[in-house]
Each structure stands twice: as structure tokens, then as C-alpha cells.
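Data first, discussion second: the structure below is written as C-alpha cells.
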Amino acid sequence: MAALLAPVATTKPISLPCALVPSTGLHGNLGSPRRLQWTKKMQRLCVRKAGPGKVTAKFELKPPPYPLNALEPHMSKDTFEYHWGKHHRTYVENLNKQIAGTELEGMSLEDIVVMTYNKGDFLPPFNNAAQVWNHDFFWESMKPGGGGKPSGELLQVIKRDFGSFEKFVGDFKTAAATQFGSGWAWLAYKANRLGVGNAVNPNPSEEDKKLVIVKSPNAVNPLVWDYYPLLTIDVWEHAYYLDFQVSSVIIKGIVPAFPYSHLCRVSRLRGRCTRAAFARISLYARNFIVYCECFSAD
Amino acid sequence: MALGRLSRKALLGLGGNGGRLGIGLGLVRGFETVTLPDLPYDYGALEPAISAEIMLLHHQKHHQAYVSNYNKALEQLQDAISKGDVSSVVKLQSAIKFNGGGHINHSVFWKNLAPVQEGGGEPPKRSLGWAIDTQFGSLESIVVKMNTEGAALQGSGWVWLALDKEGTKLSIETTANQDPLVTKGATLVPLLGIDVWEHAYYLQYKNVKPDYLKNIWKVVNWKYASEVFEKESP
Ligand SMILES: [Fe+2]
Ligand SMILES: [Fe+2]
């Protein structure tokens, strides 16, 4: 295995040398091996992950939460078989190969995504890790017979942040249709973050907490900016090409398939929303609890 | 003309590749729009390497969309310039780069391919053949290197065999999305570009991009690349 551990001074309870260098020969543009820049947060996360009982040998390809033909006619079984059975599977397999024998092995997928993003200076496993997460999340973003309109507090927050539900849907479709290349469109919740990268607002206020529509290129997802994703649509061509060839058709089809009603469980967006609280109330609790617990452990 | 006619060079904004490569241009309302060039062969002529269905969609839908959206952006640009609306001018840059780049890249790409009976896949001879042998050892090593870069390219983009016209140096480059080669260096000229967007192969090769990359060499038009090389070498 080419991946190496860079020696760092460790204090007593830390068994894990919290440093990474890229494997040689995976990505030429990563240049010479370098140490990951460790933020306090990442160190904490690393310590936490070094604890006992957290080791999983490798990631598995999770099946979508419905049969592969369940989203027809918006998404054909044929497309789904390739998208889940080939693309998603390949991301999982390649990720497992890349992390085997490195200190990333045994970490949660969310941690790997955030750590290998490395502030935009991707480490080699980033693309595969993020694509595994994105596809897991994408399948959860749809359901047979989904669609409709949210209600309750989510609807209020959508109205507050986008003007109206219809305006949100329009803006979301526009974002998805205008991605210049492969990527993803997201509805995300942004707590106390500035609109610039992952800048933290030094004077946080309630006004900073809002829903945003964001686009991300290739494998990037809003976890790396510390946003909470709520919905996504895959706008890589493989997501729609067999069925439609033209992206706008699937966007028209998929957006109404989003189970907005489930998102209504995301309450208290306006109020006190700690990461842990958000995780508990999120539809995607399973994903978020892993992600959020690490950061709220202090 | 009241608004003044913008020069083609200024409007293309992406280097002189457009004119040199014979991209169709038409004059409308004081600025020159671009038009979809004809393919120099039939849609089915590259089979079995590339299916007729892919070629048709790729040319009539994708390339046409870059042409239409580029012209639309030009129109909006002229409007914004005439109104002195600087923020709109700036905002239009990304659409111009993407769609203008898409037009430039695909215009080259069609010429980079040829049916087998018209010389597709025949190795380069003369000066380009020598330059490749001298600088890369063999044609095979270029094929391997470009295929590796193409397979590793994350998302959408292009792999190029480039000529640096200031020193006859050949290099292999990749560009993201529809960025044209000139964004990698002002003196770089595309000899051969391979489209590695999924739309270029998905209907036929699905997720198996390496097979597409393996087969495309059977229809590469090295004669065109050689002509460009000879014209652009100092
Ligand atoms: Fe996908
Ligand atoms: Fe293309």
C-alpha cells in the first residue's frame, strides 16, 4: 500500500498519527507529498475517531431505499441499474482500495469527505468518498410517489428565504440546469456561515441561518463548507443521459419527485439549531448523526 | 451602425482559434454570431467506434446548444455594453467562456475524427510523426498517456495533444468542462482533442469510459493534426 503515515508528535492518549500524505501515483496534480493542515476541529475529530469500537473495515454499497424501477418514468430502471449498480458501486470500490491501510480506514464517510477535501486541495480519496456520500444522499432525496409541497415550518422558512415555494422550485431547477459541467445542485441549510467558502461569521446572528440553493462541481458537496444538505439532484450526464439526453427534462421530472413532506420534519430551523439538534430532527438523521456527533462532542 | 461594430476578435475573447479553424460565422445585428458547422462525414461514418446516434445527438443537440447559447450571450453582451451595464458584462463572462469554449472545442473535435476508409486511425507521418517519436518515444506512449489522463479526469472535460507554437513542443493537457485549450497557455494550439464528457460516449459505452478511449483512436484523423502542426510550427 502506497499511502503513508507522516510521523507527528503525539500526546499520550492519541494512538493515531493524525496526518495524511497522498499516495504516490494516484493524482499527478497533487504534487509532492505534503501534510494535511490540521485545524483544531479536525484534531478533535481525529482523537474521537481513534477511540475504540469505531472501526468498520470498509464501506458497502447501500441499496436505494426502494426498488430500481420505482422512480419510473422520471428515472428508468435501466438508468438506475447503471447509476447505482455501476457508477455508485465503482466509487465505493475505489474508495475502499484507496483508504485500505491508511489512517482513513475505519473513519466515517463524512469525516473522510471533510478531511480529504483538505480545504480545496483534494487528497486522492476525496472524489470517491464524496461521490459515495452524494449518491447515498441522492437516493434518499427521492422516493416513489414523492413530490407535493412541504408544510409547516419548512414551508415558512422556504417562503422567508426564497419568497415562495414556487420561486424556490424555479431557482432550484435553474441551478441544476446551469451547472457548467458535471456536478450537483443542493438545497442546504447554512447556519452562521458567510457566503464565502466556509468562512465563519465572527458576529453570528439569527439572520445568518437560512436555506440556500448551491451548485457544486464534480464530487464536491456542501458538507465541505459546513452546510447541512437537505436535498440534491445529480446533474452528471450519467444521471439522465440514457433516458433524456437533455438535462432540463429530468430536472422537470425529478424536482417534483422530491419528498418535500419528509423535509417538514426538519423543524426549528429558525430557532436554536445546534448541530446535534439538527441531526436528530433531520430526515437524513442516519447520515447526520455520524457527522454531527463528531463536531458537537466538545 | 449606431452601436458600433465589435470586432470578431474582441467578441470571441478566447483567442484566435475560431477564425483559424474555420468556425462558421454569420453577421447579425452588428456583431458576428457563430453557426453550427457541418460534419465532414456522415453521422454513421465512425461506426463501430462511435455510434451514429451519439454523433447525431452530439452534433445536433450539444454542439447546437453551445452555438445557440453563445450567440444569445453575445446578444446580451452587446446589449449590456451599449447600456454601459458593467455588472451584466462581467456576469456574462462565464456563459461566454462555457458556450464559446464548447463551440471551439467541438469544432476541432469533428475535424479530429475521420472514418476509417478516409484515413481515420492512420498514424501520423512526416513532421508530426517525427516530433511525436522524438518527444514521446512513440505514438503508443501518447495514446497510453492521453487515455490515462482521460480516464482519471473527474467530471466533464477534454484531453488534448497540444502544440506550443513558440517552440514546437508537444504536450498533453487536460481542461475542465468546456474550457478551451488556450486557457492553459496563450501559445497552445490544439492538434487533437478528445471529448471526455459523458455525452460523448454514454449511449454506447455507458460507464466504461476506458473502452471509449481505447476505440476512439481507430477514427482519429492524424492527417488533420499534421496539417495544423505544419502550419503552426515556426
Ligand atoms: Fe451520479
Ligand atoms: Fe461534447
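Of the whole protein surface, A:Phe59 contributes about 40 Å² of accessible area at a 1.4 Å probe radius.
Sorting B:104-117, A:87-100 by average packing, meaning the other beta carbons within 10 Å per residue, from highest down gives B:104-117, A:87-100. Per-residue shielding of A:84-90, expressed as the average number of other chain Cβ atoms within 10 Å of the residue Cβ, stands at 1.
Computed from the C-beta positions of A:Tyr66 and B:Ala152 and an R0 of 51 Å, the FRET efficiency is 0.95 to the nearest 0.05. Among A:78-85, A:144-151, sorting by the average number of other beta carbon atoms lying within 10 angstrom of each residue, highest first, gives A:78-85, A:144-151.
Among B:131-139, B:172-180, A:69-77, B:82-90, the peptide with the highest mean count of other Cβ atoms within 10 Å heads the list, and the full ranking is B:172-180, A:69-77, B:131-139, B:82-90. Estimated from the Cβ-Cβ distance and a Förster radius of 45 angstrom, the FRET efficiency linking B:Asp85 and B:Lys231 is about 0.65. Per residue of chain B, the DSSP helices (runs of n ≥ 4 H) give a summed -39500 (n - 2.57) that works out to -13500 deg cm²/dmol at 222 nm. Probing with 1.4 Å while keeping every protein chain in the model, the per residue accessible area of chain B equals 44 Å². The simple spin-label model puts a point 7 Å past each Cα toward its Cβ; for A:Ser164 and B:Thr168 those points are separated by 6.7 nm. At R0 = 41 Å, how high is the FRET efficiency between B:Gln64 and A:Gln156 if r is their beta carbon distance? Nearest 0.05 is fine. The computed FRET efficiency comes out at 0.45.
Note on B:54-66: average number of Cβ atoms from other chains within 10 Å of each residue's Cβ is 1.
Across peptide B:183-189, the mean count of Cβ atoms from other chains lying within 10 Å of each residue's own Cβ comes to 0. Taking the Cα atoms only, what angle lies between the long axis of helix B:64-83 and the longest principal axis of chain B, rounded to 10 degrees? Between helix and principal axis, roughly 30 degrees. Using heavy atoms of the protein chains and a probe of 1.4 Å, the accessible area assigned to A:Lys159 is about 100 Å².
The values are calculated or read from the model by the stated rules, or taken from the named source; none is laboratory data. It should be emphasised that the depicted structure is a prediction, and the values quoted were computed from it without experimental measurement. When we count neighbours, we look across all protein chains shown, and the Cβ atoms used for this are built from the backbone with ideal geometry, even at glycine. Side chains are part of the model used for accessible areas, which takes the heavy atoms of the whole protein and leaves out ligands, DNA and RNA. Shrake-Rupley method; radii C 1.70, N 1.55, O 1.52, S 1.80 Å.
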